[in-house]
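Working notes, beginning with the structure itself.
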Amino acid sequence: TEDTKDLHCMTSTTLTNGELLVAGQQDDMLVVSLARGAVTRKISGASNIVVLKSLPRSICAGSLLGEVTLRDPRTMKVEQRVQAHTATLSDLDVSGNLLLTCGFSQRQGSLIMDPLVKVYDIRMAVRTLAPIPFPSGPMFLKMHPTLSTTCLVASQTGQFQMCDVSSLIMGSYAAPAQFHQLQTSSYITAMDISSSAQTLVFADGASFVYQYADREDFDVNPYSLPLTTPDIVQTPTTTMKEDSPLSSVGMPYYTDPLLSLWPNNKIYEVGAQPTPIDEEIIRNMKTIDFVGYAPNPGNIHRNQRPRKKKVVTKKNGPKFRSEQERELLQAHKVLVGDDGPRHLGRRSSSVGDIYSTDPAVINMPRYYQRVEIQYSRFGVDDFDFGYYNSTKYGGLETHIRNSYCNSFLQVLFFITPLRNIAKAHIKIACSKDNCLLCELGFLFRMLEDSKGQNCQATNFLRAFSTIPQASALGLFEPETPTRNLSFSTLMQNFTRFIMEQIHQEANMA
C-alpha cells in the first residue's frame, strides 16, 4: 500500500494487546495489530526511522539524521530527544538505563564513520557517559542478554569486541581490549547474540554465516520447546509365501551385533552323513545286546573315525565356438546315421580345467576364481563368453590396460539418468577432442545392443589415457603392477575424476 513504501525496522510493544511498530524511510510510523493483521494507527512526525528498540517504559527510534527519540509506548508521544550523531545512524541498542549508538558524522561534505560508541544514561534526563573507543569504526551493536552492562561491537570489515560499559563509567580498571577478526572476504551485513548468550552469529555479503560459541554443546534458546515431529507410520505387515524373497522383509535398524555374527572358531559343519564302515569290519563284527563289536583293523586310532575328505571334481570348461559348430555337424551325422541314435556323452573341454584344484583356492567361491581367456587361431572372438554369462547384460573384456575401470563403468551404465545424458550427448555435435562423455555414450549404446555378448571399452580407455589431468593424478595402471599398488585408492581417485569430468563436459554441451 501507500503507507508501506520503504520499511526498514520493526519492534514489538510492551502492551498486552499484541501490537507491532513498523517504520522506515517514509513520513509515518505504523502500528499493526497482530490479532487483526491490519494497520490500526499512524503516528505522524516519525519519518526516516532506521532502527527501533523497545524498553518497558519507552520506545527508542533512531533516524537517518542521527537523532534518537524516546517515545511513550501508550501515547507514542516524544518524551526526550538526543542528537547522537551529526549524520546518519547505523545502529543502536538499549539495556536497562543504558543507550548505545554508533553512526556517521558530516565532515566537509562527506560521511565519516565515528570511531566511538556513544553511551547515554536515560533514567531521568538523557545524560552523556564515557564513550567506548573502537578504532576500526563501529557498525553493529548488541547488548548481552544476561550481562546488562556488556555489549558486542562489530565493524563492517569483520572486527568485533566484547566490552563492559560499567568499567568505563565508574573509571575502574579495565582489562586491555581484545579484538577478534572474522576470516571473511566480504563485508558484514548482520550480527546477533542468541538469547542463551552461548553463541554469536555474523553474516556477510557473500551469503556466509559465521558462528562462535563458548562451548562445544550450546543452546540457542535457554528454554526451547521440543520439536513437533510427525507420527511414526506403522509399516504394513509383509505376507511371506514359499516363493517370496527374503529381501521383501527388509532389515531393521540395529546398533548391537547380530546373533548371527559368530566368530570363525565357533562355526563348524553339522548334519553331514557318516562315512561308510569298511566291509571287513562289518564281516568281523559280533552283535551282543544289539551292540556290534569288531576288532581294530589297525589302520585307524581307537575310538576315532577319520574326517570324510571332500572330493573335488573337475568341471567342464567352455568350448571354442568353432569346436561347438564342428561338434554340432558331427552330432547331426551321428543322429541320422545307419546305426540309429547314439549317446554323445558330456561335452569335454578344449581348454582343460580352468578352475584351479590347488588346495589353497579350493575353498574360494567359483565366481571369485580367476578365469583365463583361452585363444584359438581365430582370436578372442572364438571364445565362448556365453558359458559364463547367461544374462542379457554384456560384460567388458579385461585384457586391456586400465581395465580396472570396467567395474565402475558398468555401475554408471545402470544409473538411468546418467545413461540417458550420455546417450543424448552423442546425438549433438561435440567439438571437444577425446570427450569422455561421448565415449561413455557410445559404450552405453554398445552395452545396450550387446544382448549378453562381450564388449570392449577400448575407445573410452584410449581417450582416458590422453587426458593430462588423469596422468597427473596417477590414474593410469602401470605396465607391471606391484604389491604396493592399492587398487581401492586408485578406484576412489578414478571415481572422483570421472564424475567431475562428466559434470564439466555435460555443462559445456
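Being touching a Ser or Thr at 6+ places or on another chain (Cβ under 8 Å) and on the phi > 0 side of the Ramachandran plot narrows it down to one of N48, N17, so name that one.
Only one candidate qualifies: N48.
State which residue pairs qualify: first residue exposed (fewer than 11 other Cβ atoms within 10 Å of the Cβ) and assigned to a loop (DSSP other than H, G, I, E, B) and inside the range 467-482, second residue among the aromatic types (F, W, Y) and at pLDDT 85 or above in any location, beta carbons under 7 Å apart, and separation of 6 or more residues or different chains.
Final answer for the pair search is none.
Please state which one of V119, V153 is within 14 Å of L100 (Cβ to Cβ) and in contact with a helix residue (DSSP H, G or I) (Cβ under 7 Å, 6 or more places away or on another chain).
V119
Looking at S58, is it surrounded by 15 or more Cβ atoms within 10 Å (Cβ to Cβ) and either farther than 20 Å from T128 by Cα or assigned by TED's automatic domain parsing to the domain that holds A130 (or both)?
Taking the combined requirement at face value, the residue satisfies it.
Quick one: in the range 15-50, of everything that is polar (S, T, N, Q) and closer than 19 Å to Q80 by Cα, which residue is farthest from the chain's Cα centre (by Cα)?
Result: S44.
Among (1) modelled with pLDDT under 90; (2) touching a strand residue (DSSP E or B) at 6+ places or on another chain (Cβ under 7 Å), there is one condition T146 misses while meeting the rest; what is its number?
Here T146 clears every test but (2).
Name the residues in the range 386-404 that are among the basic types (K, R) and either out of contact with any Leu (no Cβ under 8 Å at 6 or more places or on another chain) or assigned to a helix (DSSP H, G or I) (or both), would you?
K392
Yes/no matrix, rows are residues, columns are (1) among the acidic types (D, E); (2) without any contact (Cβ under 8 Å) to a residue 24 or more places away in the chain:
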residue	(1), (2)
D3	yes, no
Q26	no, yes
S33	no, yes
E67	yes, yes
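What number of residues within the range 70-96 satisfy the criterion of being β-branched (V, I, T), without any contact (Cβ under 8 Å) to a residue 24 or more places away in the chain and closer than 19 Å to R41 by Cα?
Adding up the residues that qualify gives 1.
Which one is modelled with the lowest pLDDT, of the residues in the range 61-77 that are hydrophobic (A, V, I, L, M, F, W, C) and under 20 Å from L20 (Cβ atoms)?
Taking the candidates together, the pick is M76.
Being surrounded by fewer than 19 Cβ atoms within 10 Å (Cβ to Cβ) and either closer than 21 Å to K142 by Cβ or of a type in the set (G, A, S) (or both) is true for just one of A38, A46. Which residue is that?
Among A38, A46, only A38 is surrounded by fewer than 19 Cβ atoms within 10 Å (Cβ to Cβ) and either closer than 21 Å to K142 by Cβ or of a type in the set (G, A, S) (or both).
D243: within 27 Å of L100 (Cβ to Cβ), more than 36 Å from the chain's Cα centre (by Cα) and not polar (S, T, N, Q), yes or no?
So D243 fails the test.
One line per residue, one yes/no per condition, for (1) of a type in the set (K, R); (2) closer than 25 Å to D93 by Cα; (3) more than 25 Å from the chain's Cα centre (by Cα):
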site: L182; (1), (2), (3): no, yes, yes
site: M191; (1), (2), (3): no, yes, yes
site: V201; (1), (2), (3): no, yes, no
site: Y212; (1), (2), (3): no, yes, no
site: F218; (1), (2), (3): no, yes, no
site: N221; (1), (2), (3): no, yes, yes
site: L225; (1), (2), (3): no, no, yes
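Here is a list: A35, A23. Which entry is more than 17 Å from L92 (Cα to Cα) and small (G, A, S)?
A35
Please list, ordered by first then second residue, the pairs with beta carbon atoms under 6 Å, 6 or more apart or interchain, first in the range 97-111 and surrounded by fewer than 24 Cβ atoms within 10 Å (Cβ to Cβ), second among the polar types (S, T, N, Q).
Between residues of the range 97-111 that are surrounded by fewer than 24 Cβ atoms within 10 Å (Cβ to Cβ) and residues that are among the polar types (S, T, N, Q), the close pairs are F104/T88; S105/T86; Q106/T86.
What's the number of the condition N265 fails, among (1) in a loop (DSSP other than H, G, I, E, B); (2) not assigned by TED's automatic domain parsing to the domain that holds C151?
Exception for N265: condition (1).
Somewhere in the range 136-145, is a residue free of Cβ contacts under 8 Å to residues at least 60 places away in the same chain, among the basic types (K, R) and either under 28 Å from L55 (Cα atoms) or assigned to a strand (DSSP E or B) (or both)?
There is at least one residue in the range 136-145 that is free of Cβ contacts under 8 Å to residues at least 60 places away in the same chain, among the basic types (K, R) and either under 28 Å from L55 (Cα atoms) or assigned to a strand (DSSP E or B) (or both).
Of everything in the range 27-69, what is out of contact with any Asp or Glu (no Cβ under 9 Å at 6 or more places or on another chain) and of a type in the set (K, R)? Give them in sequence order.
The one that is out of contact with any Asp or Glu (no Cβ under 9 Å at 6 or more places or on another chain) and of a type in the set (K, R): R36.
Is it fair to say V39 is modelled with pLDDT under 90, touching a Leu at 6+ places or on another chain (Cβ under 6 Å) and aliphatic (A, V, I, L, M)?
yes
Checking the conditions here, which among L21, L15 is modelled with pLDDT under 85 and in the same structural domain as C102 (by TED's automatic domain parsing)?
After applying the criteria, what remains is L15.
Hey, any hits in the range 455-476 for a residue that's at pLDDT below 85 and closer than 30 Å to Y387 by Cβ?
No - not one qualifying residue is present in the range 455-476.
The values are calculated or read from the model by the stated rules, or taken from the named source; none is laboratory data. Nothing here was measured: the structure is a model prediction, and the numbers come from that model. In this analysis, Cβ positions are derived from the backbone assuming ideal geometry, glycine residues included, and neighbour counts consider all displayed protein chains.
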